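All remarks here apply to the structure that follows.
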Amino acid sequence: MTRRSVILGAGAYLPERVVTNDDLAKQMDTTDEWIVQRTGIRQRHVAAEGEFTSHLAAKASERALAAAGVKANEVDLIVLATTTPDETFPATATRVQAMLDITRGAAFDVQAVCAGFVYALAVADNFIKAGQAETALVIGAETFTRILDWNDRGTAVLFGDGAGAVVLRAAYGDRGVLSTHLHSDGRTHDALYVDGGPSSTGKVGHVRMAGKEVFKHAVSKLAQVIQEALDANGMAAKEIDWLVPHQANRRIIDGMAEKYGLPKEKVVVTVDRHANTSAASVPLALAEAIGDGRIKPGQIVVIEAIGGGLAWGAALVRM
Ligand code: UT7
């Protein structure tokens, strides 16, 4: 029997404050119509002053642990994907570890921007498969609105804050993460980056994006990596029960669904309500669809994401 990582439960947390497209139209040259037509986004959640990435992550984690029926002290690995850590160091994962009163195991952050959750899942899955962890919390959490340039309408309208988490446990059988597939290509740096950092400018910086270029890369690279995941498992697209895609743009999501012949009933979409929450986007969508009973045990789920780096990836999971 193969040792695998089974998703025992998922949880999500969104900050209370909701900012609609009309709210943004009052402070910059944009319209609800443009944002909905180009992206499918209608609103986003924005963290309150004093509410940090670790706070969102801890709340999502508590909910994931409760859904999984796992006690915090059973967790021996925390992998947190974020681009907006509380501090330059230590890892935000260690803040979450302390908030959850966990005093054993290891906690660290993974940085792959919007692909962060897929990367974190792959890391935790490999720890579990190698026998180095039994129970892992995998978190995607962001206060992404803090690194936006509110004078740049091309990016300011696209992102939101939030957190999602899953609990993985080692088990022997058919269920669990069947494969993960990670890629990056640093030559495409200029398509999507932050113009600052501790080593370069000493300032946090703001998101810069060549939207059309990222869009083109997203469509081709996500299609390739989904195919890679299917091929690795000898599966055909018709065997996919659920596509849980990165929630950046409705047009990219619809394009993937169409390419793989998936009806919209098989695709989890939250971009309309959450906008792009970077590393939190996939676990937020996953937590919603597991929580409301759409995703059921035994079903085949494909997750995918792409973001700055460019870095992208996919995972195929039997729930
Ligand atoms: O999570 C990381 C991955 N990120 C993504 O996947 C994002 C991928 N890219 C996209 O989703 C799309 O490229 C965007 C939504 C960012 C932009 O959509 P687009 O159809 O590529 O529009 P565009 O950037 O080519 O802009 C079209 C027009 C421009 O005006 P002109 O030059 O045609 O007169 C922009 O200035 O729309 C204008 N524009 C806006 N208008 C109103 C750009 N932003 C806005 C805005 N409101 N917020």
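A short reminder: the numbers here are calculations on the coordinates, not readings from a lab. These numbers come from a predicted model, not from an experiment. Here the Cβ positions follow ideal geometry from the backbone for every residue, glycine too, while neighbour counts run over all protein chains shown.
Mean separation of Cα pairs under 8 Å and 6+ residues apart, divided by the residue count of the chain: what relative contact order is that in percent? Can you show the working numbers first?
On the way: 821 pairs, mean separation 83.4, N = 319.
Once normalised by length, the contact order is 26 percent.
Got a sec to turn the phi values of region 140-149 into Karplus ³J(HN,Hα) couplings, 6.51 cos²θ - 1.76 cosθ + 1.60 with θ = phi - 60°, whole Hz, x for Gly and Pro?
Calculated HN-Hα couplings, in order: x, 9, 8, 10, 5, 5, 6, 10, 8, 8 Hz.
Per-residue HN-Hα couplings for region 49-57, Karplus 6.51 cos²θ - 1.76 cosθ + 1.60 at θ = phi - 60°, whole Hz, x for Gly and Pro?
With coefficients 6.51, -1.76 and 1.60, one gets 4, x, 9, 9, 3, 4, 5, 4, 5 Hz.
Select from region 1-92 those trypsin sites (Lys or Arg not before Pro) which occupy a DSSP coil region and have at most 13 other Cβ atoms within 10 Å, ordered by residue number.
Values: sites: Arg3, Arg4, Arg17, Lys26, Arg38, Arg42, Arg44, Lys59, Arg63, Lys71; in loops: Lys26, Arg42, Lys71.
Sparse-neighbourhood loop trypsin sites (Lys or Arg not before Pro): Lys26, Lys71.
Ranking request for peptides 129-140, 221-232, 147-158: highest mean number of other beta-carbon atoms within 10 Å first, then the rest in descending order. Please list the in-between numbers first.
On the way: 129-140: 22.8, 221-232: 18.2, 147-158: 16.7.
Answer by packing, highest mean first, reads 129-140, 221-232, 147-158.
Over what distance in Å are the Cα centres of region 49-82 and region 1-29 separated?
Cα centroid to Cα centroid, the span is 14 Å.
Treating only the Cβ atoms of Lys and Arg (+1) and Asp and Glu (-1) as charged, compute the dipole magnitude of region 3-174 about its Cα centre; round to the nearest 20 debye.
Working: 16 positive and 22 negative charges, 112 e Å.
Computed charge dipole of region 3-174: roughly 540 debye.
Please list, in chain and number order, the residues 5+ apart from Ala81 or on another chain whose amide H is under 5 Å from its amide H, with Hs placed from the backbone.
Those lying under 5 Å, H to H, from Ala81 are Val110, Ile139, Gly140, Ala141.
Output wanted: per-residue J couplings in Hz (rounded whole) for region 32-39, from phi through Karplus 6.51 cos²θ - 1.76 cosθ + 1.60, θ = phi - 60°, x for Gly and Pro.
These are the phi-based 3J(HN,Hα) values: 4, 4, 4, 5, 5, 4, 7, 10 Hz.
Count the DSSP beta bridges whose two residues both fall in the chain, then state the antiparallel fraction as a percent rounded to the nearest 5.
75 percent
What does the charge add up to near Ala223, with Lys and Arg as +1, Asp and Glu as -1, over the other residues with Cβ less than 12 Å from its Cβ? Intermediate values should be presented prior to the final figure.
Details: positive: Lys216, Lys221, Lys259; negative: Glu228, Glu258, Glu304.
Neighbourhood net charge equals 0.
Is it possible to state the helix-based mean residue ellipticity at 222 nm for the chain, with each DSSP H run of 4+ residues giving -39500 (n - 2.57), the sum divided by total residues, to the nearest 500 deg cm²/dmol? What is it?
Details: 10 runs with 102 residues, N = 319.
Per the formula, -9500 deg cm²/dmol.
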